[in-house]
Amino acid sequence: MELQVVQGHQTAACYVEILQRASLMTEGPRLCGNNWVFQQDNAAVHNARLTKEFFQENNITLLDHPACSPDLNPIENIWGWMAREVYKNGHQFQTVDALREAIFNTWSNVPTSLLETLASSMPKRLFEVINKNGGATHY
């Protein structure tokens with residue numbers, strides 16, 4: 001999906017707009033099948049009434065997980081991979097636009113194999129978090 005840029009303070013209305021722009025209702029089932037589950041953390045905008053109504057109105061199932069659980073969010077692994085790629089060989093950027101371009105280029109080149117590996121790790125991640133009673137895992 002297209003990378004979305006958030007500028008300034010994010011509100012629930014802005015978050016819902018981003019989800020709509022990302023075509024969540026069509027892309028979720030297309031990429032993951034009809035029984036797909038959306039994952040987000042517990043940021044205030046994610047738990048706002050407006051956001052909850054959006055998910056309910058669009059019949060989008062959310063993953064229920066502990067409040068602070070980066071172990072269950074493979075996007076954290078992607079952000080780490082992207083940071084290593086963007087700053088590879090100590091690369092520094094002279095302008096915000098140059099950095100933004102590098103980030104977007106890197107996002108568009110995330111290897112499919114990385115995405116597949118992270119997606120297939122979800123059952124193991126869930127199992128380990130359950131076994132650790134919501135505590136930290138090796139992910």
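The values are calculated or read from the model by the stated rules, or taken from the named source; none is laboratory data. Just so it is clear, the model here is predicted, and its values are computed rather than measured. When we count neighbours, we look across all protein chains shown, and the Cβ atoms used for this are built from the backbone with ideal geometry, even at glycine. With ligands, DNA and RNA removed, areas are computed over all heavy atoms of the protein, side chains included. Shrake-Rupley method; radii C 1.70, N 1.55, O 1.52, S 1.80 Å.
Overview of values
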{"item": "Selection count, region 26-62, where residues are of a type in the set (V, I, T) and over 18 Å from P74 (Cβ atoms)", "result": "4"}
{"item": "Within region 103-125, considering residues that are more than 12 Å from I78 (Cβ to Cβ) and touching a Leu at 6+ places or on another chain (Cβ under 7 Å), the one most open to solvent (accessible area, probe 1.4 Å)", "result": "F104"}
{"item": "Residue in region 69-88 that is modelled with pLDDT under 85, open to solvent by 40 Å² or more (accessible area, probe 1.4 Å) and assigned by the TED database to the domain that holds R125 present", "result": "yes"}
{"item": "Residue in region 50-64 that is open to solvent by 50 Å² or more (accessible area, probe 1.4 Å) and of a type in the set (A, V, I, L, M) present", "result": "yes"}
{"item": "Qualifying residue in region 34-41 (condition: open to solvent by 60 Å² or more (accessible area, probe 1.4 Å), over 28 Å from I130 (Cα atoms) and without any contact (Cβ under 8 Å) to a residue 24 or more places away in the chain)", "result": "no"}
{"item": "Subset of region 109-139 (residues that are of a type in the set (S, T, N, Q) and under 18 Å from the mean Cα position of the chain (by Cα))", "result": "N109, T112, S113, T117, S120, S121"}
